[in-house]
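Below is one structure, written out as structure tokens, with a few remarks after it.
Here, each number is a calculation from the coordinates, and none is a lab measurement. Not measured: the values here are computed from a predicted model. Reconstructed Cβ throughout: ideal geometry from the backbone, glycine too, with neighbour counts over all protein chains shown.
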2 protein chains.
Amino acid sequence: MSNSAITAPTQFLQTNKEKYAYRRFGKKSKYPLLFMQHFTGTLDNWDPAVTDALAANHDIILFDNAGVGGSTGKVPTTMAGMAKHAAAFLGTLGIETCDVLGFSLGGVIAQRMALDNSKVFRKMILVGTAPRGGEDIMHLEKPSLAKFLHDTTLKGYEVLQKIFFPPTDTSQAAGKEFIGRLMQRKQDRDPIAGPEVAQAQMAAFREWEKYSGSRFADLKPIQQPTLVVNGIHDEMIPVANSYWLSENLPNAVLLTYPDAGHGSLFQWHESFTRQAEAFLIADSPYAPY
Amino acid sequence: MSNSAITAPTQFLQTNKEKYAYRRFGKKSKYPLLFMQHFTGTLDNWDPAVTDALAANHDIILFDNAGVGGSTGKVPTTMAGMAKHAAAFLGTLGIETCDVLGFSLGGVIAQRMALDNSKVFRKMILVGTAPRGGEDIMHLEKPSLAKFLHDTTLKGYEVLQKIFFPPTDTSQAAGKEFIGRLMQRKQDRDPIAGPEVAQAQMAAFREWEKYSGSRFADLKPIQQPTLVVNGIHDEMIPVANSYWLSENLPNAVLLTYPDAGHGSLFQWHESFTRQAEAFLIADSPYAPY
């Protein structure tokens, strides 16, 4: 296998639902590590500094959900719909149980999948994400985000540098390095997501903010050891959502990073991958590692 | 040197303020690791599972503040007063800069010392503690705590098992092991703190809840890499206080533990000491490790 997100070829898997694009690389491991991506993100939005460090000991699978990047179909307007696609993908690939790293939107889908099927994940890493009934989840209309999203002088991934990283010199420098790393892959890149992807995913976020019955009660059945990670200055999905996750998931450790926002895992990639690795290799039914 | 809290002899250091009791053991290290203890706790309240694991690579110093355990003098009624005693102790011992593990009351004193002298600590580990202006700090009159503190059927350290560990079977079992470990030291034990210690320390907590000016602004000058740790079910100093610490200290990582309360570091001692060690040995000006 290739062992880098920069060079791993895009593959396609036909299922009875859609044909999904994915990249698979790294070391064969008992439990593959499924990466599920953020709002409008594709396979190309995974930072090789994160994926490749974890590829040293794990069978890494980057996945495009339906209608995103090279995958066929329409983007569902609910998290439950996206969870069904990811489950179909894993099923057709013959994977009964794996580990998951769900970032932002991907972390929500991972929670939904764990509720649908308690066996699908052995361990979960949830970064910059939110429980059902969380607050201030992906409100891109907020001035703090809108000013960058509507800034026509920002080119390509420069918007990500602005919205994933707080405005300190140190964080912006880390953001610049991050977008540089995203451009290291030169060939076989994914199509960029268009406005219809954004609209459907945003509808799913709006639905995810709603809850009925006892708030956060739906986290209780998720018994997997879980590592929750967030930057303390996350403007897109504020850290309070990670507090709720770690307080209500029965078996979760929380790790927060200073001087960091939504992109904390990319900014502090050396620490993040060290922590994630220690968490994943721990042979324990409990989250602490 | 001895390398266990169970066997290290109690030593005494005469300063121009008081004569302080302490125990020192472990491996010689460039930066000693100063342990500062919780409300009414003495040298005997340190869990050997925590101290001895860290003693493998660190020069461990357990310290009784003035008026506590074997130290002479009166317990100050302010954190600033206790900070001065700890600084006098370090100064007379010839230690200009060390690392610190401050638990609960000890974590407050550590913050106060770092504000008084930016050089006194290289790295800080703050467990189950609170910033100035925090909330619900050590309100022992709360029914959830008072019911155990007034339960005359609880003997010796059994009260600690009840108030440091949540009422789940798993946590109570860990609490029972903890108090068993505290009894492993058979000789040369400290005098137990009396009501005058409790009253003075409680007065200091009440003063610490008050703030003037911009809330948490006094955390900004504390630039040391800091690891903040808390159990999510801490009834004595709730986890919200650790959220405020990690959000307002400029260089702090937060780690929270599931199914754990005030005694999270003792309950999850294997994880805690592994994390603390990784944090302490990291050669970085930044907290993430």
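Where a Cα-Cα gap under 17 Å defines reach, which aspartates and glutamates qualify for B:LYS30, not counting those fewer than 8 residues away within the same chain?
B:ASP59, B:GLU96, B:ASP99, B:GLU277, B:ASP283
Where a ≥ b ≥ c are the square roots of the eigenvalues of the C-alpha gyration tensor, would you call chain A rounded, which needs a/c under 1.5, or, failing that, prolate if a/b is larger than b/c, or oblate? Numbers along the way, then the final one.
Numbers: a/c = 1.17, a/b = 1.06, b/c = 1.11.
Note, shape of chain A comes out rounded.
What is the protein assembly as shown by shape, rounded, prolate or oblate, if you read a ≥ b ≥ c off the alpha carbon gyration tensor as root eigenvalues and call it rounded for a/c under 1.5, prolate for a/b larger than b/c, and oblate otherwise?
Prolate is the answer for the protein assembly as shown, as a/c is 1.5 or above and a/b outweighs b/c.
Quick one: net charge around B:GLN161, please, counting Lys, Arg +1 and Asp, Glu -1 for every other residue with C-beta under 11 Å from its C-beta.
Residues close to B:GLN161 contribute a combined charge of +1.
Could you compute the longest span of chain A free of GluC sites (Glu not before Pro) located in DSSP loops and having at most 13 other Cβ atoms within 10 Å, not counting the site residues?
A:142-289
List the aspartates and glutamates whose alpha-carbon lies under 12 Å from that of B:LYS142, not counting same-chain residues fewer than 8 positions away?
Hits, sequence-local ones excluded: B:GLU235.
Over the protein assembly as shown, what is the percentage of antiparallel beta bridges among all DSSP beta bridges, to the nearest 5?
30 percent
Decide, for the stretch A:84-178, between rounded, prolate and oblate: order the square roots of the alpha carbon gyration tensor eigenvalues as a ≥ b ≥ c, take rounded if a/c falls under 1.5, and otherwise choose prolate if a/b is larger than b/c, else oblate.
In terms of gyration-tensor shape, prolate.
What do you get for trypsin sites (Lys or Arg not before Pro) in the stretch B:89-128 restricted to DSSP loop and a cutoff of at most 15 other Cβ within 10 Å of the site's Cβ? All intermediate terms of the calculation are to be shown ahead of the outcome.
On the way: sites: B:ARG112, B:LYS119, B:ARG122, B:LYS123; in loops: B:LYS119.
Qualifying residues, ordered by number: B:LYS119.
When N counts the residues of the stretch B:176-252, how does its alpha-carbon radius of gyration compare numerically with 2.2 N^0.38 Å, as a ratio?
Numbers: Rg = 17.0 Å, N = 77, 2.2 N^0.38 = 11.5 Å.
Dividing the Cα Rg of the stretch B:176-252 by 2.2 N^0.38 Å gives 1.49.
So what are the ³J(HN,Hα) numbers for the stretch B:221-236, from phi and the Karplus equation (6.51, -1.76, 1.60; θ = phi - 60°), rounded to whole Hz, Gly and Pro as x?
Here the 3J(HN,Hα) series is x, 7, 8, 4, x, 10, 10, 9, 10, 7, x, 6, 10, 5, 8, 8 Hz.
How big is the antiparallel share of DSSP beta bridges in the stretch A:1-66, given as a percent to the nearest 5? Write down the numbers at each step before the final one.
Working: 9 of 13 bridges.
Rounded to the nearest five, the antiparallel share is 70 percent.
What lysines could a cross-link reach from B:LYS220, if we take a straight Cα to Cα line under 25 Å and drop same-chain neighbours fewer than 8 places away?
Reachable lysines: A:LYS162, B:LYS84, B:LYS119, B:LYS123, B:LYS210.
Count neighbours as other Cβ atoms within 10 Å of each site's Cβ, and list the chymotrypsin sites (Phe, Trp or Tyr not before Pro) in the stretch B:166-235 that are DSSP loop with at most 14 such neighbours.
Passing sites in the stretch B:166-235 are B:TYR211.
From the helices alone, meaning DSSP H stretches of at least four residues, give me the mean residue ellipticity at 222 nm for chain B, per-run term -39500 (n - 2.57), in deg cm²/dmol to the nearest 500. Provide the component values of the computation, followed by the final result.
Working: 10 runs with 104 residues, N = 289.
Estimated from H runs of four or more residues: -10500 deg cm²/dmol.
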